[in-house]
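First up is the structure itself, then whatever we jot down about it.
The values are calculated or read from the model by the stated rules, or taken from the named source; none is laboratory data. This is a predicted model, so every value here is computed, not measured. Here the Cβ positions follow ideal geometry from the backbone for every residue, glycine too, while neighbour counts run over all protein chains shown.
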Amino acid sequence: MARTTTEANVNGEVVTVVDNLGELSVSEEEITSEPSAPGTPETSVSSQPQYSFVPFEPHPGYPKSRISIVNRFIDQPRELRVAVIGGGLSGVLAGVLLPAKVPNIKLTIYEKNHDFGGTWLENVYPGVRCDIPSHVYQSTFEPKLDWSDQFAGGAEIRDYWQSVAKKHNVYQYARFHTKVEGLNWKESESVWEVTIKNLQTGVTSTEKADSVITAIGRFNAWKLPSYPGIAGYKGVLRHASHWDPSFDPSGKAVAVIGNGASGIQLVSNLQPSVARLDHYVRNPTWIAASWAGDVRQAGPQPYSDEQIALFKSDPDAYLNFRKEMEDKYWRRFNAFFRGSKDSTELRERFTQIMHKRLAKKPELIEHIVPDFSPNCRRLTPGPGYLEAISEPNVEYIRTRIRRFTETGIETEDGKERKVDAIFCATGANVSQVIPFPVVAKGKNLQDAWNPELKGKSDKHHGFPYTYLGVATPGFPNLFFLQGPHGTGPSGTVPHSAETQLTLLAKILRKVGREGIKSIVPSRKAADDFVEYSDAFFSSTVLTDNCSSWYNGGRPGARIHGIWPGLAGHLTVVRQHPRWEDWEYEYLGETGNRFQWYLGNGWTSREADPQSDMTPYLRSPGEKVELRDVHESWWNLP
């Protein structure tokens with residue numbers, strides 16, 4: 001019987017469409033299908049022959065459909081070009097997890113630096129280290145047993161994430177020295193046009209991606225402050241995130257501007273070696289004893305050889321050690337809520353600790369202890385900081401800076417302080433506005449989120465307006481990784497990145513398997529999420545009068561830096577996508593949601609006589625976890 005076929009252009013690709021199903025035939029072309037369960041003999045069918053169909057004649061009396069059958073197996077997802085912007089912690093985890101979880105993905109990771117590492121690659125100032133314990137600040141599936149210190153230095157953290165990237169071959173996806181300068185949604189093709197600049201050659205070009213994931217981090221877009229006269233200063237001028245390792249501070253007069261995490265670490269580490277240190281502070285801040293009850297002290301807190309040997313020789317001992325340590329970061333967060341007993345007690349305890357540690361200069365108390373609650377800003381343990389500013393060679397300055405001079409800094413009271421070097425620990429762009437144009441359907445996301453443009457039109461929200469911190473209305477196939485609302489106030493950053501990537505993998509699998517050319521959250525769903533967030537945050541200390549990256553550096557502004565709930569709450573949300581909150585457009589001209597998705601009515605396994613059609617069967621007596629029965633996305637007949 002004759003085979004009736006036509007060719008159709010689907011999302012830029014020519015596919016064969018058959019009018020009716022018929023006999024099964026074999027071609028030598030390779031196919032790609034979703035993988036079998038890891039560890040089973042059949043982990044890929046890419047080497048198997050492709051089975052297609054020879055249609056029979058249609059029944060003349062049967063109702064005629066307006067669509068034709070697309071000759072593809074339902075488990076044969078289309079190739080998805082996915083661009084990840086950023087090669088820090090989140091970018092590395094994307095390179096590990098997305099290829100494992102998304103069949104037929106073509107992944108590219110754009111990174112402006114020469115290697116992976118993100119903030120831990122860029123920040124090399126004296127004393128840079130994580131204020132979260134090393135054994136907590138790591139991937140859940142790649143434990144490092146030989147961390148040298150309880151609170152690792154930046155270089156060791158950088159090396160760890162690069163080692164994870166090497167082990168999982170993430171470097172194959174990387175485009176280093178490549179800066180993304182813009183995204184433009186091509187409506188006619190349903191793709192993103194990515195404008196990139198090669199920072200080695202200076203050449204600008206464009207590439208296309210079906211989906212884009214931003215993983216640019218919270219503290220990446222650093223910039224020097226805009227004080228008058230700053231360009232005329234003739235001494236050493238550096239941002240903390242752009243440190244010159246060759247600079248020797250010994251015996252010099254230096255200034256440090258800012259008392260965030262990097263400023264606190266800089267002051268603590270520079271004070272012992274400099275002749276004089278001027279510390280310029282705009283706002284007071286709480287100096288915590290620790291984040292979750294861990295013992296913090298100035299200087300290294302190394303693990304002993306015996307401890308490391310135990311971790312390596314006794315997996316159960318290490319697991320118990322890590323679980324006990326990490327469990328604390330999921331608890332003790334009642335202090336985030338206004339009027340809570342925990343919040344009141346925390347304020348009293350921190351005040352007592354700060355009084356004690358400032359005993360040499362008690363006059364500083366009124367300038368340092370804030371009037372807002374602890375946790376309004378991210379807590380900073382700051383071991384050694386209060387002791388450093390209590391030393392005679394440190395001047396703690398609350399008077400506002402008027403201008404830079406050629407030789408130093410002049411404050412509003414007219415006093416000039418001459419210094420050999422000025423270090424700006426003034427942070428980064430905490431508004432979380434994307435640092436390059438993102439344009440779709442006549443709207444630029446930069447403008448929409450810009451707080452300076454709030455209220456100019458219904459296109460300008462004035463804050464990072466998102467749906468569950470993962471996407472935003474009006475910008476199809478654009479997703480955020482650890483961006484606005486990206487992590488809870490509890491839990492750990494690596495765990496949060498992993499669970500968010502798992503959610504993104506579910507979205508991308510749906511897109512690739514069901515013939516979805518564009519997916520975007522509805523405006524109503526995003527509005528409802530913002531409304532819920534406002535209700536939740538109103539009862540927290542985050543709304544106190546302080547400037548933080550929670551509120552984009554604007555006291556009284558909407559809280560968007562963290563999730564409206566604790567980390568366990570966020571994990572549950574990410575486990576179960578609400579597909580009803582999204583709007584879809586489908587491949588093909590008919591718009592029929594099932595034409596491409598259901599394909600020819602077969603799976604590739606059904607078409608292969610050598611395949612295992614009963615992977616759900618187990619040996620008699622083998623333990624079965626009933627909650628997992630028929631739940632695996634990767635092991636279906």
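Out of (1) over 19 Å from Leu503 (Cβ atoms); (2) within 26 Å of the chain's Cα centre (by Cα); (3) among the basic types (Lys, Arg), the odd one out for Arg593 is which? Arg593 satisfies every listed condition except (2).
Answer yes if at least one residue in segment 99-110 is surrounded by 18 or more Cβ atoms within 10 Å (Cβ to Cβ), part of a loop (DSSP other than H, G, I, E, B) and modelled with pLDDT under 95, and no otherwise. No, segment 99-110 has no match at all. Checked against the criterion of being surrounded by 18 or more Cβ atoms within 10 Å (Cβ to Cβ), of a type in the set (Asp, Glu) and either in a helix (DSSP H, G or I) or more than 16 Å from the chain's Cα centre (by Cα) (or both), segment 146-156 contains not a single residue that satisfies it.
Report whether or not Leu617 is at pLDDT 95 or above and over 24 Å from Phe479 (Cβ atoms). Judged against the criteria, Leu617 is not a match. Under the condition of being part of a loop (DSSP other than H, G, I, E, B), over 25 Å from the mean Cα position of the chain (by Cα) and surrounded by 17 or more Cβ atoms within 10 Å (Cβ to Cβ), the residues counted in segment 406-430 number 2. Restricting attention to segment 384-428, which residues are closer than 19 Å to Lys234 by Cβ and among the aliphatic types (A, V, I, L, M)? Scanning segment 384-428 gives Ile401, Ile409, Val419, Ala421, Ile422.
Can you find a residue in segment 446-464 that is polar (S, T, N, Q) and more than 30 Å from Glu187 (Cα to Cα)? Within segment 446-464 (the criterion being polar (S, T, N, Q) and more than 30 Å from Glu187 (Cα to Cα)), the answer is no, since none of the residues qualifies.
Can you tell me which of Ile519, Ile507 is closer than 23 Å to Leu80 by Cβ and in a strand (DSSP E or B)?
Ile519
If you scan segment 206-225, which residues turn out to be part of a loop (DSSP other than H, G, I, E, B) and either over 12 Å from the mean Cα position of the chain (by Cα) or hydrophobic (A, V, I, L, M, F, W, C) (or both)? Listed by number, the residues that qualify are Asp210, Ala215, Ile216, Phe219, Ala221, Lys223, Leu224, Pro225.
I want to confirm something. Restricting to segment 522-536 and keeping residues that are of a type in the set (Phe, Trp, Tyr) and out of contact with any Phe, Trp or Tyr (no Cβ under 7 Å at 6 or more places or on another chain), which single residue is nearest to Val82 (Cα to Cα)? That would be Tyr532. Residues in segment 442-464 that are under 21 Å from the mean Cα position of the chain (by Cα), farther than 23 Å from Thr571 by Cβ and part of a loop (DSSP other than H, G, I, E, B): Asn450, Phe463. Of all residues in segment 438-495, those that are closer than 28 Å to Thr380 by Cβ and β-branched (Val, Ile, Thr) total 4.
Across segment 431-441, what is the number of residues that are in a loop (DSSP other than H, G, I, E, B) and under 24 Å from the mean Cα position of the chain (by Cα)?
7
To keep it simple, each residue is scored yes or no on (1) under 22 Å from the mean Cα position of the chain (by Cα); (2) at pLDDT 95 or above; (3) closer than 19 Å to Leu481 by Cβ.
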| position | (1), (2), (3) |
| --- | --- |
| Asp534 | no, yes, no |
| Phe537 | yes, yes, no |
| Thr543 | no, yes, no |
| Asn551 | yes, no, no |
| Ala557 | no, no, no |
| Gly565 | yes, yes, yes |
| Val573 | yes, yes, yes |
| Glu580 | no, yes, no |
| Leu598 | no, yes, no |
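May I ask you to verify whether Val470 is in contact (Cβ under 8 Å) with a residue 12 or more places away in the chain, under 15 Å from the mean Cα position of the chain (by Cα), crowded, with 20+ Cβ neighbours inside 10 Å and under 18 Å from Asp210 (Cβ atoms)?
Here the answer is yes, as Val470 does meet what is asked.
Out of Ala165, Ala174, Ala152, one residue alone is without any contact (Cβ under 8 Å) to a residue 40 or more places away in the chain, small (Gly, Ala, Ser) and farther than 20 Å from Ile434 by Cα. It is Ala152. Trp602 meets each of the listed conditions (1) in the same structural domain as Phe463 (by TED's automatic domain parsing); (2) touching a residue at least 12 places away in the same chain (Cβ under 8 Å); (3) surrounded by 13 or more Cβ atoms within 10 Å (Cβ to Cβ); (4) not small (Gly, Ala, Ser) apart from (1).
Is there any pair linking a residue in segment 483-508 that is closer than 20 Å to Asp210 by Cβ to one that is crowded, with 21+ Cβ neighbours inside 10 Å and of a type in the set (Phe, Trp, Tyr), with Cβ under 6 Å and at least six apart or on different chains, and which? Final answer for the pair search is Leu504/Phe479.
Number of residues in segment 267-300 that are assigned to a strand (DSSP E or B) and modelled with pLDDT of 95 or more equals 5.
Among residues of segment 606-632 being among the hydroxyl-bearing types (Ser, Thr, Tyr) and within 20 Å of Asp75 (Cα to Cα), the one that is nearest to the chain's Cα centre (by Cα) is Ser632.
The set of residues from segment 390-409 being without any contact (Cβ under 8 Å) to a residue 24 or more places away in the chain and in contact with a Lys or Arg (Cβ under 8 Å, 6 or more places away or on another chain) comprises just one member, Thr399. Return a yes/no flag: does segment 255-266 have any residue that is closer than 17 Å to Asn429 by Cα, aliphatic (A, V, I, L, M) and outside any strand (DSSP E or B). Within segment 255-266 (the criterion being closer than 17 Å to Asn429 by Cα, aliphatic (A, V, I, L, M) and outside any strand (DSSP E or B)), the answer is yes, since at least one residue qualifies. Whether a residue is surrounded by fewer than 20 Cβ atoms within 10 Å (Cβ to Cβ), in a loop (DSSP other than H, G, I, E, B) and not hydroxyl-bearing (Ser, Thr, Tyr) was assessed, and His485 does not pass this test. In summary, Phe529 fulfils each of the numbered conditions (1) in contact with a strand residue (DSSP E or B) (Cβ under 6 Å, 6 or more places away or on another chain); (2) under 30 Å from Arg66 (Cβ atoms); (3) part of a helix (DSSP H, G or I); (4) of a type outside the set (S, T, N, Q) with the single exception of condition (2). Of all residues in segment 433-462, those satisfying the criterion of being in contact (Cβ under 8 Å) with a residue 40 or more places away in the chain and either surrounded by fewer than 23 Cβ atoms within 10 Å (Cβ to Cβ) or of a type in the set (Lys, Arg) (or both) are Pro435, Phe436, Pro437, Val439, Ala440, Lys441, Pro451. Criterion applied to Ser250, Ser205, Ser268 was being surrounded by fewer than 18 Cβ atoms within 10 Å (Cβ to Cβ), among the polar types (S, T, N, Q) and not assigned by TED's automatic domain parsing to the domain that holds Val124, and the one residue passing it is Ser250. Residues in segment 387-394 include none that are of a type in the set (Ser, Thr, Tyr) and within 37 Å of the chain's Cα centre (by Cα). Does Val82 meet the test of being crowded, with 21+ Cβ neighbours inside 10 Å, β-branched (Val, Ile, Thr) and not in a strand (DSSP E or B)? No.
Checked against the criteria, Arg332 does not count as over 28 Å from the mean Cα position of the chain (by Cα), basic (Lys, Arg) and modelled with pLDDT under 95.
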